[in-house]
Amino acid sequence: MEFSSKIIEQAVEAFAQLPGVGKKTALRFVLHVIKQDKQQSENLSHLITQLKNDLRYCQKCHNISENDICEICANPSRDETVVCVVQDYRDIMAIENTGLYKGHYHVLGGLISPLEGITPSGLNIETLVNKISRNSVTEIILALNATMEGETTSFYIFRKIAQYNIKLSAIARGIAVGDELEYADEVTLGRSIINRIPFDSLLKK
């Protein structure tokens, strides 16, 4: 792809680094930004800067937040004794959209994947164990993707917290094997959480 401007070429390369964006799509983005008025472009630039400078991770659950404690953890009406373990922020959004879960969350920040070099030490698993060890949690819900990586991570957590007297559940398999939570419809995902099952029952199958 030949460019008449070095600036356009560099902008296309930058947009093309986004997930699922090829160079043709990136070029459409760049041309759209060029056509926008200056104020719109400056607003976009300001928001991108805010994403990097003003957002942080919740000290309790690792959710993305503007504050040290996210709005969910700070909400007194949420049940802090029930913790739903998810891969990342997108899964929290998907579950919150169901309107059926009123507990807290714990964001792992990924899934165990040796092929990608992601090990347990690179995830927020130890902070989950520490949370459980303080005796404030009565149930952990594993809401991880129905993939090999998700199953591996769930089993690792199961082994890691086996010494604690705590209820460990997994979302019901209304989510098809190989599917990711963020793409599940709200009704299916909501029912999967409500109809969650003991995790150890999955190990017997």
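Values as computed for the structure displayed
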| quantity | calculated |
| --- | --- |
| Out of Gly178, Gly190, sole residue that is on the phi > 0 side of the Ramachandran plot and at pLDDT below 90 | Gly178 |
| Long-range neighbours under 8 Å by Cβ, at least six apart or interchain, first residue more than 15 Å from Ile140 (Cα to Cα) and basic (Lys, Arg) within segment 68-90, second modelled with pLDDT under 95 and surrounded by 14 or more Cβ atoms within 10 Å (Cβ to Cβ) | Arg90/Leu181; Arg90/Glu182 |
| Qualifying residue in segment 113-120 (condition: under 22 Å from Ser133 (Cα atoms), touching a residue at least 24 places away in the same chain (Cβ under 8 Å) and in the same structural domain as Asn165 (by TED's automatic domain parsing)) | yes |
| Looking only at segment 133-147, and only at residues there that are aliphatic (A, V, I, L, M) and in contact (Cβ under 8 Å) with a residue 40 or more places away in the chain, the one that is farthest from Gly190 (Cα to Cα) | Val137 |
| Count - residues of segment 7-61 that are hydroxyl-bearing (Ser, Thr, Tyr) and under 30 Å from Tyr105 (Cβ atoms) | 2 |
| Among (1) within 19 Å of Tyr57 (Cβ to Cβ); (2) under 16 Å from the mean Cα position of the chain (by Cα); (3) assigned by TED's automatic domain parsing to the domain that holds Pro198; (4) not in a loop (DSSP other than H, G, I, E, B), the one test that Asn130 misses | (2) |
| Criterion (hydroxyl-bearing (Ser, Thr, Tyr), under 14 Å from Ile112 (Cα atoms) and modelled with pLDDT of 75 or more) met by exactly one of Tyr164, Tyr156 | Tyr156 |
| Only one of Val33, Val85 that is surrounded by 12 or more Cβ atoms within 10 Å (Cβ to Cβ), under 25 Å from Ser133 (Cα atoms) and of a type in the set (A, V, I, L, M) | Val85 |
| Residue tally, condition in contact with a Lys or Arg (Cβ under 7 Å, 6 or more places away or on another chain) and either under 14 Å from Ile34 (Cβ atoms) or hydroxyl-bearing (Ser, Thr, Tyr) (or both), over segment 1-23 | 1 |
| Cβ-Cβ under 8 Å pairs, at least 6 apart or on other chains, segment 148-169 side within 13 Å of Thr138 (Cα to Cα) and in the same structural domain as Ile118 (by TED's automatic domain parsing), far side surrounded by fewer than 16 Cβ atoms within 10 Å (Cβ to Cβ) and at pLDDT below 90 | Lys167/Pro198; Leu168/Pro198; Leu168/Asp200; Ser169/Ile197; Ser169/Pro198 |
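The values are calculated or read from the model by the stated rules, or taken from the named source; none is laboratory data. Computed from a predicted structure; not experimentally measured. Every residue, glycine among them, receives a Cβ derived from its backbone with ideal geometry; neighbour counts consider all protein chains shown.
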